[in-house]
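Structure first, then comments.
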Amino acid sequence: MKFEIIINLQNTIDVSQFQVLIVGRNPDLCNIVIPDKSVSAIHCLISVGVPLLGTSDRIFWITDGDGQSPSTNGCFLNGVQLIKQGTRKNNCPAFNNDFINIGETTIKFCISSEQKLDPKATIPNF
């Protein structure tokens with residue numbers, strides 16, 4: 001499968017070889033840096049290619065915050081604050097064509113069947 005994210009409908013990034021993306025304001029800690037004062041140092045984690053329970057489908061999984069505590073201003077999946085709709089404390093699945101808002105930034109999720117995910121891939125820095 002091929003997993004891509006599109007940032008602000010301009011920059012497309014193939015994230016198929018990533019397992020987790022760290023999104024936030026701090027360039028020393030994050031793979032995707034958003035230079036916006038309303039964005040936390042680590043604002044959210046995006047897990048790539050997570051199996052959907054009971055199917056062979058793979059999806060994105062969004063965690064608001066750094067995995068220990070939520071971000072200050074929250075993440076919004078399709079306009080709904082993540083921590084309010086998540087199936088766990090602050091986690092939620094994201095499917096093809098879903099989007100999240102982080103501060104003034106929009107990230108759209110795209111999944112296609114063009115390439116397979118390597119589960120042992122490392123996470124390069126941008």
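The values are calculated or read from the model by the stated rules, or taken from the named source; none is laboratory data. Values in this document were obtained by computation on a predicted structure and should not be read as measured data. No Cβ is skipped: glycine too gets one built from the backbone with ideal geometry, and neighbour counts run over all protein chains shown.
Figures for the structure shown
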{"quantity": "Answer residue from region 33-49, given it is at pLDDT 90 or above and outside any loop (DSSP other than H, G, I, E, B) and is surrounded by the fewest Cβ atoms within 10 Å (Cβ to Cβ) among those", "calculated": "Val33"}
{"quantity": "Number of the exception - Asn101 against (1) at pLDDT below 90; (2) surrounded by 11 or more Cβ atoms within 10 Å (Cβ to Cβ)", "calculated": "(1)"}
{"quantity": "Residues that are free of Cβ contacts under 8 Å to residues at least 40 places away in the same chain and within 19 Å of Lys108 (Cα to Cα), drawn from region 52-70", "calculated": "Asp57, Trp61, Ile62, Thr63, Asp64, Gly65"}
{"quantity": "Some residue of region 113-123 being at pLDDT below 90, assigned to a strand (DSSP E or B) and at negative phi", "calculated": "no"}
{"quantity": "Which numbered condition Cys30 fails, given (1) crowded, with 17+ Cβ neighbours inside 10 Å; (2) at pLDDT below 90", "calculated": "(2)"}
{"quantity": "Residue match in region 50-63 (condition: more than 17 Å from Asn96 (Cβ to Cβ) and either modelled with pLDDT of 90 or more or charged (D, E, K, R) (or both))", "calculated": "yes"}
